[in-house]
Amino acid sequence: MKYATLSLLVLILAACAGTQDPPDEMVPPPPVRQGELTRLFDRMGSDNEAVGVPASKKLADGDDRDRRFVVSLWGTRKKSAVGAQRYGDALSAKGLHEEAFEWYERGFMHIEAGDPLGPWLRYQMASEYYALGRKDDCINLLANRMGTEPLPKELKGKYDELIEKASRS
């Protein structure tokens, strides 16, 4: 009995002594940075483009940890499809196409049916697929729209051009 208790104590001490700090990718930004990121997140969906676009660009300048924190804000703060689009634009400009796609998709899933932003977000998602080398997905996303509402004139040509470009590759 003594040995069993002693062995158990040794195992418990070994387990406690062997703890490590979590890896960097699991640690959120410091509280002050979290506050900055939250304020920028709230601004990126602003009705005023002069406020929203710079906030989105500043968010996209963050590191991986910052961008993971921004993703967590989507579930806890007021959602904005326009903000998601702006942030997707900023990420795309930095070459972060997979993350940009995810933000366009968030915006697309947040809008109501018939929202005029929908076809634009679809086009932007398809553009990110193209940038990621996923040509078939690009074509399918553009060609298999649901609904009968025609595309805006300025967007119709973009859809056709991207489908043609993805088909040639």
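General remarks:
- Some residue of the stretch 118-133 being modelled with pLDDT under 95, under 27 Å from Asp160 (Cβ atoms), touching a Leu at 6+ places or on another chain (Cβ under 7 Å) and not in a helix (DSSP H, G or I): no
- The number of residues in the stretch 76-94 being touching a helix residue (DSSP H, G or I) at 6+ places or on another chain (Cβ under 8 Å) and not in a helix (DSSP H, G or I) comes to 5.
- Matching residues in the stretch 97-110 - criterion: being farther than 16 Å from Ser72 by Cα and either crowded, with 18+ Cβ neighbours inside 10 Å or of a type in the set (Gly, Ala, Ser) (or both): His97, Phe101, Phe108
- A single entry from Pro28, Pro54, Pro116 fulfils the requirement of being more than 16 Å from the chain's Cα centre (by Cα), surrounded by 15 or more Cβ atoms within 10 Å (Cβ to Cβ) and not acidic (Asp, Glu): Pro54.
- Among the residues of the stretch 143-155, at least one is of a type outside the set (A, V, I, L, M), touching a Phe, Trp or Tyr at 6+ places or on another chain (Cβ under 9 Å) and assigned by TED's automatic domain parsing to the domain that holds Arg168.
- Only one of Phe108, Phe101, Phe69 that is touching a Pro at 6+ places or on another chain (Cβ under 6 Å), within 30 Å of Arg33 (Cα to Cα) and not β-branched (Val, Ile, Thr): Phe69
- Residue match in the stretch 81-88 (condition: farther than 25 Å from Asn48 by Cβ, among the basic types (Lys, Arg) and surrounded by 12 or more Cβ atoms within 10 Å (Cβ to Cβ)): no
- Residue match in the stretch 139-151 (condition: more than 21 Å from Asp115 (Cα to Cα) and assigned to a helix (DSSP H, G or I)): yes
The values are calculated or read from the model by the stated rules, or taken from the named source; none is laboratory data. Since this is a predicted model, take the numbers as computed values, not measurements. Here the Cβ is made from the backbone with ideal geometry for all residues, glycine too, and neighbour counts use every protein chain on show.
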